[in-house]
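Engineer: Sharing a structure, written as structure tokens. Questions coming.
The values are calculated or read from the model by the stated rules, or taken from the named source; none is laboratory data. What you are looking at is a predicted structure, and each value in this text was computed from that prediction instead of being measured. Glycine gets a Cβ as well: all are built from the backbone with ideal geometry, and neighbour counts include every protein chain shown. Accessible surface is based on the protein model in full, side chains and every heavy atom, while ligands, DNA and RNA are left aside. Shrake-Rupley method; radii C 1.70, N 1.55, O 1.52, S 1.80 Å.
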Amino acid sequence: MAGSLLFAESNIYEYTLPSIEGKPMPLAAFKGKVMLLVNVASKCGYTPQYSTLEAIYQKYKDRGFTILGFPANNFGAQEPGTNEEIKTFCSTKYSVTFPLYAKVSVKGEDKTPLYQFLTQNDNPAVSGEIKWNFTKFLVDRKGIVVQRFESAIKPDSEEITSAIEKLLAQ
């Protein structure tokens, strides 16, 4: 089957996508860190989550944690801007300092290979199509996707922060 090689990767370190500035940013650059991967959008009801994402990034970054933001325009055209506009919006409106990638597709025929991997994962607890903006995937220090949190779950919720702290302690 054509394209089946996309799913041969055992973890997320095999993927390289362009940063918001357009430079290649391999996920392997974050090897050994606990990561929260989030598909983000600037004009969504959940957009204020940028503030709490930045807060937990600041809280845990010195302990080996990072957040990776993936702007996507798949839901309600809520991320219509260019990469430069998205970067400016995130830094000026929400003071985002965690890494952002260039705009990607997280659903449909043009879904980026990283999100194909995330949504078609062998772990049924994390697999399945992305339903909306601000879906969060928690990845352990070995690059294994261990948990998924849907849009409505706030980044600073007990559910997410306790899962992050558990992985950081390992």
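Engineer: Once the Cα atoms of the chain are picked out, what are the Rg and Dmax in Å?
Structural biologist: Every Cα atom of the chain included, Rg and Dmax give 14.8, 45 Å.
Engineer: Of the heavy-atom accessible surface of the chain (probe 1.4 angstrom), what whole percent is carbon and sulfur? Could the numbers behind the result be given before it?
Structural biologist: Numbers: 4280 of 8030 Å².
Ligands and nucleic acids excluded, carbon and sulfur give 53 percent.
Engineer: At 1.4 Å probe radius, can you tell me the per residue accessible area of the range 48-127 in Å²? Please list the in-between numbers first.
Structural biologist: On the way: 3580 Å² over 80 residues.
Spelled out: the 1.4 Å probe surface of the range 48-127, per residue, equals 45 Å².
Engineer: How much length is gained if the chain between residue 105 and residue 165 is pulled fully straight, taking 0.36 nm per residue apart and subtracting their Cα-Cα distance, in nm to one decimal?
Structural biologist: Result for the pair: 18.6 nm of gain on full extension.
Engineer: Using the Karplus equation 6.51 cos²θ - 1.76 cosθ + 1.60 (θ = phi - 60°), what ³J(HN,Hα) coupling, rounded to whole Hz, does each residue of the range 22-39 give in order, writing x for Gly and Pro?
Structural biologist: Values per residue, Gly and Pro as x: x, 8, x, 10, x, 5, 4, 5, 9, 4, x, 9, 7, 10, 10, 9, 9, 7 Hz.
Engineer: For residue 148, what residues show an amide H to amide H distance below 5 Å, using hydrogens built from the backbone and excluding near sequence neighbours?
Structural biologist: For residue 148, the qualifying residues are 138.
Engineer: Now for a different question. Using a Förster distance of 45 Å, how high is the FRET efficiency between residue 31 and residue 77, based on the Cβ-Cβ distance and rounded to 0.05? Mind dumping the intermediate values first?
Structural biologist: On the way: r = 35 Å, r/R0 = 0.77.
E between residue 31 and residue 77, to the nearest 0.05, is 0.80.
Engineer: Can you give the local net charge around residue 135? Use residues other than it whose beta-carbon is closer than 15 angstrom to its beta-carbon, Lys and Arg +1, Asp and Glu -1.
Structural biologist: Working: positive: 107, 111, 131, 136, 148, 154; negative: 79, 129, 150, 159.
Computed value for this residue: +2.
Engineer: Give the calculated FRET efficiency between residue 92 and residue 129 to the nearest 0.05, with a Förster radius of 25 Å applied to their Cβ-Cβ distance. List each step's numbers first, then the result.
Structural biologist: Working: r = 32 Å, r/R0 = 1.28.
FRET efficiency, residue 92 to residue 129: 0.20.
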